1. From the list Ser265, Ser287, which residue is over 23 Å from the mean Cα position of the chain (by Cα) and over 15 Å from Tyr136 (Cα atoms)?
2. In this structure, does Leu513 turn out to be in a helix (DSSP H, G or I) and of a type outside the set (D, E, K, R)?
3. Can you tell me how many residues within the stretch 516-538 are in contact (Cβ under 8 Å) with a residue 40 or more places away in the chain, in a loop (DSSP other than H, G, I, E, B) and either over 27 Å from Lys470 (Cβ atoms) or of a type in the set (S, T, N, Q) (or both)?
4. Any residue at all in the stretch 585-602 that's in the same structural domain as Phe710 (by TED's automatic domain parsing), over 30 Å from Glu99 (Cα atoms) and without any contact (Cβ under 8 Å) to a residue 24 or more places away in the chain?
5. Search the stretch 437-449 for residues being in a helix (DSSP H, G or I) and within 24 Å of the chain's Cα centre (by Cα), and hand back the single one that is surrounded by the fewest Cβ atoms within 10 Å (Cβ to Cβ).
6. From the set of residues in the stretch 662-691 that are assigned to a loop (DSSP other than H, G, I, E, B) and within 34 Å of the chain's Cα centre (by Cα), which is farthest from Thr706 (Cα to Cα)?
7. Only one of Pro291, Pro286 is in contact (Cβ under 8 Å) with a residue 24 or more places away in the chain and closer than 30 Å to Leu125 by Cβ; which?
8. Taking the stretch 111-149 on its own, how many of its residues are assigned to a loop (DSSP other than H, G, I, E, B) and touching a Gly at 6+ places or on another chain (Cβ under 7 Å)?
Amino acid sequence: MYMKGVAHMSETMTNKLNQLCNKDIKTASSEELYHALLKLVDEKSKLQVQSVTGRKLYYISAEFLIGKLLSNNLINLGLYDDVKETLAAAGKSLADIEEQEPEPSLGNGGLGRLAACFLDSLATLNLPGDGVGLRYHCGLFHQNFKNNIQNETPDFWLTDACAAHATDTVFPVSLAGKEYSARLYKLPVTGYEGRTNTLNLFDLDTVDESVIGEGISFDKKDIAKNLTLFLYPDDSDEDGRLLRIYQQYFMVSAGAQLILSECVSRGCNYHDLADYAAIQINDTHPSMVIPELIRLLMLHDIDFAEAVQIVTDTCAYTNHTILAEALEKWPRHYLEAVVPQLIPIIEKLDTLAKSRTEDASLAIIDQNQVVHMAHMDIHFSHSTNGVAALHTQILKESELAGFYHLYPEKFNNKTNGITFRRWLLKCNPALTSEIERLIGNGFKKDASELKKLLSYTNDQDVLQKLSEIKKQNKEALAAWLEQKQGVKINTNAMFTIQSKRLHEYKRQQLNLLFLIHQYLEIKAGHTPSVPLVSIFGAKAAPAYIIAKDIIHGLLTLSQVIEKDPEVSRWMQLVFVENYNVSAAEMMIPACDLSEQISLASKEASGTGNMKFMLNGALTLGTMDGANVEISEAVGNDNIYIFGQSSKQVIHRYAAGDYCAKDWYEADPNLHRAIDFLTGSEMLSFGDEEHLKRLQNELINKDWFQTLPDFNAYVVRKQQAMADYAADQENWSRRTLINIAEAGFFSSDRTIAEYDNDIWHLGK
């Protein structure tokens, strides 16, 4: 009976795809099949649209790193296996068809990927919740390497194949006294066996991609043509900083109007907005939604005091980092230039905030006439959350302690999570199939069921199977890298991967120093316990000079290693060009050791650590962000922790007693590794200016305390290599424990907590 049912299903799918293609799928091109599958997904997702009652969430974020959507949508709609088998029977490959899909360039790093996972989980949990953001034409940029240097070019991804559809909905937005028209684009988001929600993206019809000059340069003053060209335009000059404000206000003003119009259409009378809408401010980029909503409510004859209360009851704020660069603050005259209509409201909010406390450090407008966005968020929302237990603790005790003492009831923790549909089912089908064979398919909906895998920790056959799956994934990554970049890697080696935004606090430079140390040890005759393939994926912000120098250092070292036959049999260094979601989906399943080596206290959470864990990698990391909770979940024997604690780091900063040069002078290994940066081997392939500047940064500044953690990092990483080489079965056992304990880090759990504690959706 089952086989008959399967045959019937495939026949039905064949007929359906023939109909959508307007021809026999055997003769259809990959492009034709792609468009047919888009239509299929669109049809089926519309059936999952549900009416909204009670509160609906609006998640406002500068980034949504959604990745390619076709396969993910097919999985969530329960169509993936049927489509794949139907196509295979017709001699077609779903993987080839997926290549037709452009990579949506709507985000950069963890912030954007988290927002995408959250949208998936909202829909999966049948919660009414939409995203609100911008339709960037070129995203951050397309990264390519020339002469071991990062180059940036536009990432033109908007084609007819894009799933975000234009609507007739347009909202007026006033920028610097001129009125612009914000057009709404809608992209459906369907959950796993759940509802269909929407990602709402705003754009100007007048944006002109042809104004982009060499690299990613353009006239930053021509707002009508450039407003949504790029995510995070270069803010190293005043025009760039002003453009950021233009973008942010455009997003929140159009978003606020959308929210009000949707709520009114459902019966809201403005006074009861908080009964209809919950607004989550994702980091400080959308902070201006607070004064903008107050302004709009006042236009509807609501007085200031009531409008403030309504907005406070409606809005909640997520803090994603303690780094000053992300806790945005703007000179008052910038806001006066771009959003003069908000200034009277921000002034009144500042006066109100100052009436609640005598602590001048909590002001919205400080004595230097600088406007602090995070301060406005905390004063005038009803919830402020961190994104990992340690991060929230640091916010309460250190970075936002004054606010915590003023509003203790507002502060809460929501540890980040990832959607298992994309980061297991989509990117690691072999592991998914094995897990399903062992414990059934309940984990796809309830990730806590992964704990059932713990009963197999001593099953040799299962451990062997996990090892085989990892080897297959390494071979798949190797084939992909050879095809993409012409790089051949040793699949019998241990794979360590560090893939995340390139930033000094994430400390790719620490990994670089280790690899130099390894190179020198091999040259001295000390061969490692196992060959090592070190893989990096990261983009550096165009104006972040030192970050680009670190990339240069890594690319140069990769050449030094490659050209040295004595070393290259033991070491390889690969930097994946233009790292994005699709690249991550190839890299993460192949990883043995996950590099989570940020300076303790600086990484709010991290989600890459969770993705690697779920796919059977062990973590090498500091006690930072969610590493703390991963460590608690898996136990000290199943993770490699090293380095200073967050308390030690915070104390060093407070005392101001860290001198990098002292560490450099005192440690021969460190001295040797740093000197190597400008030695003859590196200079034969690299650029002296870049290498010298990086060297000087490490010796004379090292703001993120790379040097104090160097030795501990070397010891723990070599220990991991030795353990991997000594006992493969035990290594597999430890990977199984990591997979089994990964359930807590599901974004479904995170979203359920947000809903229970903050949003109360549909109620």
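The values are calculated or read from the model by the stated rules, or taken from the named source; none is laboratory data. What you see is a predicted model, and the numbers here were worked out from it, not measured in a lab. Cβ placement follows ideal geometry from the backbone for every residue including glycine, while neighbour counts extend to all protein chains displayed.
1. From the options Ser265, Ser287, the qualifying one is Ser265.
2. Here the answer is yes, as Leu513 does meet what is asked.
3. 2
4. Within the stretch 585-602, not a single residue is in the same structural domain as Phe710 (by TED's automatic domain parsing), over 30 Å from Glu99 (Cα atoms) and without any contact (Cβ under 8 Å) to a residue 24 or more places away in the chain.
5. Ser448
6. Looking at the filtered set, the residue picked out is Phe685.
7. Being in contact (Cβ under 8 Å) with a residue 24 or more places away in the chain and closer than 30 Å to Leu125 by Cβ holds for just one of Pro291, Pro286, which is Pro286.
8. Residues that pass the stated criteria total 5.
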